[in-house]
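One structure is given below, represented as structure tokens, and several questions about it will come after.
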Amino acid sequence: MADLEVVIGLEIHVQLATATKMFCSCALSFGDPPNIHTCPVCLALPGALPVVNERAIHLGLMIGMALGCELAPRSIFHRKNYFYPDSPKGYQISQYDEPLCRGGELEGVRIHRVHLEEDAAKLIHLGSSGRIHGSQTSVVDFNRGGTPLVEIVTEPDLRSAAAAREWLELLRATLRALGVSDVNMDEGSLRADANVSLRRVGASELGTKAELKNMNSFRFLERGIAAEVERQRAIVEGGGEVEQETLHFDPASGQLTPLRSKEDAQDYRYFPEPDLVPIAITAEMLDAARSAMPELPAARAQRFESEFEISGDRARQLAFRSELGDFFERAVAADGGAAAVHARRIADLLTGEVLARLGDSDPASSRLEPAALAALAGLLADGAVTATAAREVLDALIADGGDPAAVIAARRLGRVADSEGLAELVERAIAADPDAAEQVRAGNAKAIGALVGPIMRETRGRADGAELQRLIREALGVGGD
Amino acid sequence: MASIEPDEVRHVARLARLELSEAEVERMAEELAGVLGHIATIDQLDLDGVPPTSHVVSVENALRPDEPRPCLPRERALESAPQVADDGFAVPSPQA
Amino acid sequence: MSHGAAEIVGLSAASAAAAVHAGDLDAGELFEAYRSRAAADRLNAFVWVAERAPADAGAGSGGPLGGVPVAVKDLFCTEGVPSQSGSRILEGYRPPYTATVVSRLAGAGAPLLGKTNQDEFAMGSSTENSGFGPTRNPWDDSRVPGGSSGGSAAAVAARLAPWAIGTDTGGSIRQPAALCGIVGLKPTYGAVSRYGMIAFASSLDQAGPLTRDVTDAALLFSAMTGPRDPLDSTSLDYPASLPRPSRRDLSGVRLGVPAELTGEGIEPGVLESFEATLDLARELGAAVEPCALPHAGHALAAYYVLAPAEASSNLARFDGVRYGYRASDSSDLLSMYTRTRHDGFGAEVKRRIMLGTYALSSGYYDAFYGRAQRVRTKIAQDFAAAFERFDFIVTPTAPGVAFPLGAKTSDPLAMYLNDFCTVPMSLAGIPAISIPSGLAASPDGDRPLPVGFQLAAPPFREGALLDAAFALEQAIGFDASAAAAEA
Ligand SMILES: [Mg+2]
Ligand SMILES: [Zn+2]
């Protein structure tokens, strides 16, 4: 069997961080008691009419610019007709064949289109609560109904679950930098669906795709896609054919279950929304969007790379998580800004030790100050503290804040200098383990570890490892390498 | 005269979420065929290159400032609902 | 000063407003004179009548509308007042908000007298499709008043209301005005806010006045328009309020008579009245000439794609979830939808929902909706070209006089043909007015019945349109008192 290639396209829904809904003046909310943010428009009362939120257009244009899209001089809204309790009008106002933006590209993944629409309400399943005899009931909360959404559709340019996840992380960083959305996957302000298919390597036609829904974290997205790829691979390798379907990912079981049957195939009966007039992008609208554009993650990564001479990988790691980039820049500023000499070490600490401790949370929300991180980098560079002791300093800075020099002094974490009897410690270690000493003398370089270890334990890592090795070799009369 | 099959009527009725009895399906098929027959007169027109009109008004960008306004109190929002539960609009569950 | 009720209701609305302004008539007395007539309505013109004048009625009487109460078509949402659009699916529904146009009228000094009957969701030409029983024509109560604004037209003709507002999608103001012997104006699309009007077909619906005479129409229309409504994206700024119509002649006015809308299918009595009115126009100095609207004959076909398509979507919100009727035997979601909508909607509404859903469904869009939109373009172009040569296009308003109740209910197409002369203007979005041009014998009866004469103008030319209609009205001297006597 020929090798199979994975083909993935993403459809991302982004809730815009406007003050009000897409087509009415109800305030946006999250987690409020049900049905307190409604009006005739978002309840679809008879006679109510939609009016487009100006800021949603502005934010949509910023997204289009950030993704290098072609911004349509004129775009219109359509009605997408379907019945569901979370869709009060019986149609969603969306964009169809004349969207706000088309084309574009972000880090090698082409953008198909970007359009504006409105979010559905929330449907809460009550189960057979006994309230209604013998029947299953759901309840609709219209607080979320009508929240402005931008839908971003990519071309099928992603080739693995991991690549899809990485790219989505970059998109999220980009949207966050733009300030257009909270981009919070567990709260649903960023939602991704994936279209997954397989084809023989070299084939140009796409295979039959499955649509994956409800992957509300980066981890689930990656797992869901990986699971679907395996499912399809098993079908194809078993000589079967993948069927077009919509699958719902259940993170608890890791299973994909079909959402709708084909019998209920959708026919959305799109037609131009007669209650709205076209959006015709003006020069003022473009200027306003352009002047609101911040530096975007991709550009920021390049700047980090060239300005601070850090590696491309490191630079992207910082820039693609904008909160890390921000923290890095503040630390570098404390280190002297353009004259900073410890930028590389700050970057290493931040992406290494700090990230290992804080995971996905923002370092700015810990007690660690950027200036303290810069100072710690300086102390490391000067050899005033060892890498091992620096870890302990960092623990203290993250937990309690403060200045690293003060922490080092208070906890006596400074590097053990010769004056503190390092030579004597070396002599004691050689005496305590003559076998190891003999092996080092005989040329077994690895055996030196057995001599270094006890000294490190005794000094709680404050001794400089390299210096210690030099002293041991010197004491044993072995030349350096 | 255009004709329309009962199955097609049933399919459209399902899209429109209208229950129709068998007698209503029959009658609807006949009536729709009559109206569609009249509508078919526009088939004779040469409309190549004629742009569609969705709207006779020529305005664009009727936009609204992003400023919140007071919402309906929940009691008002729910007052006409056929069935209410847990401060929301109750419906038969789609999963049922 | 005290007046007899007959004397009060004999005044036109503008005269009554002037009397209130002059201190000769008490606004409360005026309201009560109409309120008691409306409450005793035998035509089923009203579906709801106010129990008393609003507490601040006196305060509003200083406004341009002088406290003269207005009857409002059921489909205008009015806070706390039944607003059902003639449909059982909305029976008893009292919205939590008020339509912009109703608020504007109240602000200008016209308190709400009552809600008038209509075809369900404005779909019909006879008011027989109402979920609350048909309205009868005050000229002959065995006949229809036209529709869909039949309740408003009948109420004004029978002097149950000084004036009224209705909506026109394909002729729903003009045709009932014609059949009831009153004046009906369909404004330029966008002139009047649609916010709070329960929608039939959004790209066509337009609110307008139904009045006893052209002067009243101008006064009421002026109060309906104004700065654009920020709650209706398709509404437009309407220039300053119109002066009282005063034109007495039509010298220099060019009237175009489209052969496509003035020939086949029009009752002889109607054509006769139409020709007589053209003669009067000539006597007033107008130049009357044939004009071509080559696509007007296809307007009805295009309309019966576009309007049902929009309606099928507009009426999707009636699903039994947030308001209105829900079938009691709906145990699962699908049957909640399908039974609620089966029981709640009347036959004509279901027919149009089916037609519109079909026209938009996969595989048919281009052949139906797409083509109809192109025909619409052609029709608008026809009018634009005609208005280069003519000030107004004139036609009979309806192809016939009022027909007997039940005469066309079993033949949808025959009913649809009532809109033959009015639909082209609706598709083009241009203003058109119907004024009574006289009486004509019905083909199936002996009693003479009113005939309407329609004038259409370019967009935003309501001022000139009302002026020309006024000149003709004065020359025609139509006597409408028979309708008031009947009721
Ligand atoms: Mg979408
Ligand atoms: Zn709202």
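The values are calculated or read from the model by the stated rules, or taken from the named source; none is laboratory data. The structure presented is a predicted model; accordingly, all values stated were derived computationally and were not measured. All Cβ positions, even for glycine, are placed from backbone atoms using ideal geometry, and neighbour counts span all protein chains on display. Only protein heavy atoms, including side chains, enter the accessible area calculation; ligands, DNA and RNA are left aside. Shrake-Rupley method; radii C 1.70, N 1.55, O 1.52, S 1.80 Å.
Please specify each residue of the stretch A:30-61 satisfying the condition of being open to solvent by 20 Å² or more (accessible area, probe 1.4 Å), more than 7 Å from every other protein chain (Cβ to nearest Cβ) and within 11 Å of ligand 2 (Cβ to nearest atom).
Once the filter is applied, which keeps residues that are open to solvent by 20 Å² or more (accessible area, probe 1.4 Å), more than 7 Å from every other protein chain (Cβ to nearest Cβ) and within 11 Å of ligand 2 (Cβ to nearest atom), the stretch A:30-61 yields only A:V41.
Filter the stretch C:359-394 down to residues that are among the hydroxyl-bearing types (S, T, Y) and free of Cβ contacts under 8 Å to residues at least 40 places away in the same chain and give me whichever is farthest from the other protein chains (Cβ to nearest Cβ).
Only one residue tops the list, namely C:Y364.
I'd like to know if the stretch A:227-236 contains one or more residues that are under 26 Å from A:Y82 (Cβ atoms) and either exposed (fewer than 13 other Cβ atoms within 10 Å of the Cβ) or within 33 Å of the chain's Cα centre (by Cα) (or both).
yes
Which residue, of B:S58, B:S54, is closer than 29 Å to C:F460 by Cβ and either open to solvent by 70 Å² or more (accessible area, probe 1.4 Å) or not hydroxyl-bearing (S, T, Y) (or both)?
On the way: B:S54 fails: either open to solvent by 70 Å² or more (accessible area, probe 1.4 Å) or not hydroxyl-bearing (S, T, Y) (or both).
Going through B:S58, B:S54 in turn, the sole match is B:S58.
Right, next: Tell me, which strands (runs of 3 or more DSSP E) lie completely within the stretch C:89-203 with 1 or more residues that are more than 17 Å from the chain's Cα centre (by Cα)?
Details: elements: C:112-116, C:163-168, C:183-186.
Qualifying strands (runs of 3 or more DSSP E): C:112-116.
Confirm whether A:S87 is within 16 Å of ligand 1 (Cβ to nearest atom), within 14 Å of chain C (Cβ to nearest Cβ) and modelled with pLDDT of 95 or more.
yes
Continuing with the same structure: Looking for whichever is in contact with a helix residue (DSSP H, G or I) (Cβ under 6 Å, 6 or more places away or on another chain), at pLDDT below 90, of a type in the set (F, W, Y) and open to solvent by less than 50 Å² (accessible area, probe 1.4 Å) here; the options are A:F308, A:F320. Which one fits?
Being in contact with a helix residue (DSSP H, G or I) (Cβ under 6 Å, 6 or more places away or on another chain), at pLDDT below 90, of a type in the set (F, W, Y) and open to solvent by less than 50 Å² (accessible area, probe 1.4 Å) holds for just one of A:F308, A:F320, which is A:F320.
Looking at (1) open to solvent by less than 10 Å² (accessible area, probe 1.4 Å); (2) within 16 Å of ligand 1 (Cβ to nearest atom), which is the one condition that is false for A:K80?
Going through the list (1) open to solvent by less than 10 Å² (accessible area, probe 1.4 Å); (2) within 16 Å of ligand 1 (Cβ to nearest atom), A:K80 breaks only (1).
Can you tell me which residue among B:Q44, B:Q83 is in contact with a strand residue (DSSP E or B) (Cβ under 9 Å, 6 or more places away or on another chain) and either open to solvent by 40 Å² or more (accessible area, probe 1.4 Å) or touching a residue at least 40 places away in the same chain (Cβ under 8 Å) (or both)? Lay out the reasoning, then the answer.
Working: B:Q44 fails: in contact with a strand residue (DSSP E or B) (Cβ under 9 Å, 6 or more places away or on another chain).
Going through B:Q44, B:Q83 in turn, just one is in contact with a strand residue (DSSP E or B) (Cβ under 9 Å, 6 or more places away or on another chain) and either open to solvent by 40 Å² or more (accessible area, probe 1.4 Å) or touching a residue at least 40 places away in the same chain (Cβ under 8 Å) (or both): B:Q83.
Next question. Just to be sure, is A:V114 assigned to a strand (DSSP E or B), more than 15 Å from ligand 1 (Cβ to nearest atom) and at pLDDT 95 or above? I'd like the intermediate steps shown before the answer.
Details: assigned to a strand (DSSP E or B): yes; more than 15 Å from ligand 1 (Cβ to nearest atom): no; at pLDDT 95 or above: yes.
Spelling it out, it is not the case that A:V114 is assigned to a strand (DSSP E or B), more than 15 Å from ligand 1 (Cβ to nearest atom) and at pLDDT 95 or above.
Just checking, which of C:G324, C:G265, C:G285, C:G320 is over 26 Å from the mean Cα position of the chain (by Cα), at positive phi and open to solvent by 10 Å² or more (accessible area, probe 1.4 Å)? Don't jump to the end; show me each part of the working.
Working: C:G324 fails: over 26 Å from the mean Cα position of the chain (by Cα); C:G265 fails: over 26 Å from the mean Cα position of the chain (by Cα); C:G320 fails: open to solvent by 10 Å² or more (accessible area, probe 1.4 Å).
Among C:G324, C:G265, C:G285, C:G320, only C:G285 is over 26 Å from the mean Cα position of the chain (by Cα), at positive phi and open to solvent by 10 Å² or more (accessible area, probe 1.4 Å).
Table: residues versus (1) more than 7 Å from chain C (Cβ to nearest Cβ); (2) assigned to a loop (DSSP other than H, G, I, E, B); (3) not aromatic (F, W, Y).
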site: B:R14; (1), (2), (3): yes, no, yes
site: B:V35; (1), (2), (3): no, no, yes
site: B:A40; (1), (2), (3): yes, no, yes
site: B:V57; (1), (2), (3): no, yes, yes
site: B:P82; (1), (2), (3): no, yes, yes
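Scan the stretch C:172-187 and tell me whether some residue there is in contact with a strand residue (DSSP E or B) (Cβ under 8 Å, 6 or more places away or on another chain) and under 22 Å from C:Y97 (Cβ atoms). Can you show your working first?
First, pick out the residues of the stretch C:172-187 that are in contact with a strand residue (DSSP E or B) (Cβ under 8 Å, 6 or more places away or on another chain): C:172-187.
Within this subset, residues satisfying the condition of being under 22 Å from C:Y97 (Cβ atoms) are none.
For the stretch C:172-187, residues in contact with a strand residue (DSSP E or B) (Cβ under 8 Å, 6 or more places away or on another chain) and under 22 Å from C:Y97 (Cβ atoms): absent.
Residues of the stretch A:4-14 being within 16 Å of ligand 1 (Cβ to nearest atom) and either open to solvent by less than 20 Å² (accessible area, probe 1.4 Å) or within 14 Å of another protein chain (Cβ to nearest Cβ) (or both), which ones?
Of the stretch A:4-14, the ones within 16 Å of ligand 1 (Cβ to nearest atom) are A:9-14.
Once the filter is applied, which keeps residues that are within 16 Å of ligand 1 (Cβ to nearest atom) and either open to solvent by less than 20 Å² (accessible area, probe 1.4 Å) or within 14 Å of another protein chain (Cβ to nearest Cβ) (or both), the stretch A:4-14 yields A:G9, A:L10, A:I12, A:V14.
Go through (1) touching a residue at least 12 places away in the same chain (Cβ under 8 Å); (2) facing another protein chain (nearest Cβ under 8 Å); (3) not aromatic (F, W, Y) for C:L334 and report which single condition fails.
Single failed check for C:L334: (1).
Within the stretch C:220-230, is there a residue that is acidic (D, E) and touching a Gly at 6+ places or on another chain (Cβ under 8 Å)?
No, the stretch C:220-230 has no match at all.
Shifting gears a bit: Select from the stretch A:15-29 the residues that are open to solvent by 30 Å² or more (accessible area, probe 1.4 Å) and within 15 Å of ligand 2 (Cβ to nearest atom) and list them in ascending order.
Answer for the stretch A:15-29, where residues must be open to solvent by 30 Å² or more (accessible area, probe 1.4 Å) and within 15 Å of ligand 2 (Cβ to nearest atom): A:A19, A:L28, A:S29.
Here are A:Q95, A:Q136: which of them is more than 16 Å from ligand 2 (Cβ to nearest atom) and either modelled with pLDDT under 95 or open to solvent by 50 Å² or more (accessible area, probe 1.4 Å) (or both)?
A:Q136
To continue, here is another question. Go through (1) more than 16 Å from ligand 1 (Cβ to nearest atom); (2) buried (at least 23 other Cβ atoms within 10 Å of the Cβ) one by one and return the number of the condition A:A192 breaks.
(1)
Taking the conditions exactly as written (in a loop (DSSP other than H, G, I, E, B) and small (G, A, S)), does A:G68 satisfy them or not?
Criteria met by A:G68.
Further question on the same structure: In the stretch A:45-71, what residues are within 19 Å of A:Q95 (Cβ to Cβ), among the aliphatic types (A, V, I, L, M) and over 32 Å from the mean Cα position of the chain (by Cα)?
A:L49, A:V51, listed by residue number.
Residue under question is A:R300, and the condition is that it be part of a helix (DSSP H, G or I), open to solvent by 60 Å² or more (accessible area, probe 1.4 Å) and at negative phi; does it hold? Talk me through it step by step, then tell me what you get.
On the way: part of a helix (DSSP H, G or I): yes; open to solvent by 60 Å² or more (accessible area, probe 1.4 Å): no; at negative phi: yes.
No: the conditions fail for A:R300.
Something else about it: If only one of A:T147, A:T154 is buried (at least 21 other Cβ atoms within 10 Å of the Cβ), more than 12 Å from the chain's Cα centre (by Cα) and within 16 Å of ligand 2 (Cβ to nearest atom), which one is it?
Of the residues listed, the single one that is buried (at least 21 other Cβ atoms within 10 Å of the Cβ), more than 12 Å from the chain's Cα centre (by Cα) and within 16 Å of ligand 2 (Cβ to nearest atom) is A:T147.
Cβ contacts < 7 Å: first residue over 16 Å from A:M22 (Cβ atoms) and in a strand (DSSP E or B), restricted to the stretch A:80-102; second residue open to solvent by 20 Å² or more (accessible area, probe 1.4 Å) and β-branched (V, I, T), any location; separation 6+ or different chain. Result?
Note: no pairs meet the criteria.
Oh, and also: Are any residues in the stretch A:98-126 basic (K, R) and more than 16 Å from ligand 2 (Cβ to nearest atom), and if so, which ones?
Those that are basic (K, R) and more than 16 Å from ligand 2 (Cβ to nearest atom): A:R102, A:R110, A:R113.
Same structure again: Would you please name the residue that is farthest from ligand 2 (Cβ to nearest atom), looking only at residues in the stretch A:157-190 that are farther than 20 Å from A:A227 by Cβ and among the polar types (S, T, N, Q)?
Among them, the one singled out is A:T174.
Follow-up question, since we're still on this one. How about the stretch B:59-73: which of its residues are part of a loop (DSSP other than H, G, I, E, B) and either at pLDDT 95 or above or more than 7 Å from chain C (Cβ to nearest Cβ) (or both)?
Listed by number, the residues that qualify are B:E60, B:N61, B:A62, B:P65, B:D66, B:E67, B:P68, B:R69, B:P70, B:C71, B:L72, B:P73.
Okay, moving on. Limited to the stretch C:288-317, what total is found for residues that are open to solvent by less than 10 Å² (accessible area, probe 1.4 Å) and assigned to a loop (DSSP other than H, G, I, E, B)?
1
If I filter the stretch A:48-56 for residues that are part of a loop (DSSP other than H, G, I, E, B) and of a type in the set (S, T, N, Q), do I get at least one hit?
No: the stretch A:48-56 contains no residue that is part of a loop (DSSP other than H, G, I, E, B) and of a type in the set (S, T, N, Q).
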